[in-house]
Every structure is written in structure tokens, then in C-alpha cells.
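Working notes, beginning with the structure itself.
Where a number appears in this text, it was derived from the coordinates with a stated rule and is not lab data. In this text, all values refer to a predicted model and were calculated from it rather than measured experimentally. Every residue, glycine among them, receives a Cβ derived from its backbone with ideal geometry; neighbour counts consider all protein chains shown.
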Amino acid sequence: MPKTLTSPQQKFLKFLHLTAAGLWLSCVIVLTLLPVVSTGNMTGDEVYMYNLVYHFIDMFILTPASLMTLLTGLVYSLFTKWGFFQHGWLVYKWIVTLFIVITGTFYLGPMVMDLLEIADTKRAAALQDQYYMQGQTIGVWAAIINTALLLVTVFVSVYKPWKNLKKNKLKHR
């Protein structure tokens with residue numbers, strides 16, 4: 001069994017984990033609200049700037065925050081009593097985290113880069129591009145879904161339902 005972290009190390013890890021998770025959640029909330037504040041007739045430069053801001057938040061704040069959350073969660077699971085599968089609420093957190101990180105890395109991130117490139121090339125005409133408009137819709141829905149999933153994850157982290165899976169299995173035998 002790996003060495004467990006000391007109490008001060010666990011507190012620092014918790015600080016890093018909560019800071020990263022809070023930043024991640026804040027970013028998806030901002031990406032959910034960004035289309036709300038940028039409605040109306042947009043010039044070509046505004047279309048490009050919208051996509052540049054979205055891309056910046058996604059790639060340079062949200063992505064590092066989500067990866068830091070994933071890595072600190074991994075350290076938590078490996079070097080504390082929590083483990084990976086002892087508690088249902090931890091299993092839920094792992095499923096949600098991996099789902100969002102994987103879909104963001106392999107689908108949403110590349111799409112955001114494509115949309116920025118289209119906006120840079122076409123400017124206002126991007127608003128007539130079917131792929132661009134479909135990508136915008138997917139981006140809005142992804143931000144809404146990710147916000148909901150992360151809010152439920154925070155709730156689950158606080159209330160810790162499905163406590164100890166091993167104890168529950170023994171009770172039902």
C-alpha cells in the first residue's frame with residue numbers, strides 16, 4: 001500500500017483540489033453565460049473576439065483547472081484513505097470528471113479551435129456557416145450540461161451520499 005499523506009499535506013492537497021474545482025466550475029458557468037451577453041447583431045470583429053475569449057477561457061483556464069482537479073483527485077485516491085471505489089459518491093465524481101475531461105479533450109476542445117479559425121477567416125459570415133452555428137449550439141449545450149454535472153458533483157462532495165460501498169455490500173448479504 002502506498003504511503004498516506006500527512007495531515008498538512010492532505011490540507012494543502014484539499015486546498016489545491018478545491019481551488020482547481022472552483023475555477024473549473026466558474027469557467028463552465030462563464031461559458032454558459034457568454035452567449036447571453038453577446039446576443040444581437042455582431043460585427044465580424046465581434047464574432048472573432050467572442051470566439052477568441054471563449055477559446056482563451058477554455059484552453060488556458062478551464063483545461064488546466066480540470067486537469068489539476070483530475071490530478072489532485074488521483075493523488076487523493078492513491079495516498080489517502082478515500083481510495084477509488086470505497087464510496088459511491090467518489091465513483092460518481094470519477095465518472096463525471098473523466099467524462100467531462102475526455103469529451104472536452106477529444107471533441108469539444110478541437111471544435112472550439114475550429115470555430116475560432118472559422119470566425120477568424122469568415123468574420124461575420126461565420127454566422128451563416130452551418131458547421132459554425134452547429135458548433136455554437138453544441139458549445140452552449142455542453143457548457144450547460146457541464147455546469148449541471150459539476151454543480152451536482154459539488155453537492156455530492158459536500159453531502160457524500162452512497163457512503164461506504166463495502167459496508168453496504170456486507171449489509172445486503
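Taking Cα atoms only, the orientation of helix 109-122 departs from the longest principal axis of the chain by about 10 degrees. Rounded to 0.05, the FRET efficiency of the A124 and I61 pair, given R0 = 30 Å and the Cβ-Cβ distance, is 0.65.
Counting 0.36 nm for each residue step from L151 to V101 and taking away their Cα separation leaves a gain of 16.4 nm. Here the ratio of the Cα radius of gyration of region 1-100 to 2.2 N^0.38 Å is 1.40. Note that region 59-133 shows a convex hull volume over its alpha carbon atoms of 92 Å³ per residue. Computed on the Cα atoms alone, the convex hull of the chain gives a volume of 129 cubic angstrom per residue.
For F84 and Q9, compute 0.36 nm times the residue count separating them, minus their Cα-Cα distance, and round to one decimal in nm.
Values: separation 75, 0.36 × 75 = 27.00 nm, distance 1.89 nm.
25.1 nm is the gain from fully extending F84 to Q9.
The modelled label-to-label distance for the pair M113/W94, using points 7 Å beyond Cα in the direction of Cβ, is 3.0 nm. Its Cα centre serving as origin, region 82-173 has a Cβ charge dipole (Lys and Arg +1, Asp and Glu -1) of approximately 1140 debye.
If R0 is 25 Å, the Cβ-Cβ spacing of L52 and T19 corresponds to a FRET efficiency of close to 0.45.
Can you show me the helix-derived [θ] at 222 nm for the chain, built from DSSP H runs with n ≥ 4 at -39,500 (n - 2.57) apiece and divided by the number of residues, rounded to the nearest 500.
Numbers: 7 runs with 128 residues, N = 173.
It lands at -25000 deg cm²/dmol.
Think of the chain as having a plus end and a minus end, set by charges on the Cβ of Lys, Arg, Asp and Glu; of T39, H17, Q86, Q86 sits farthest toward the positive end of this dipole. Computing FRET efficiency as 1/(1 + (r/R0)^6) for N41 and I144, where r is the C-beta to C-beta distance and R0 is 30 Å, gives about 0.80.
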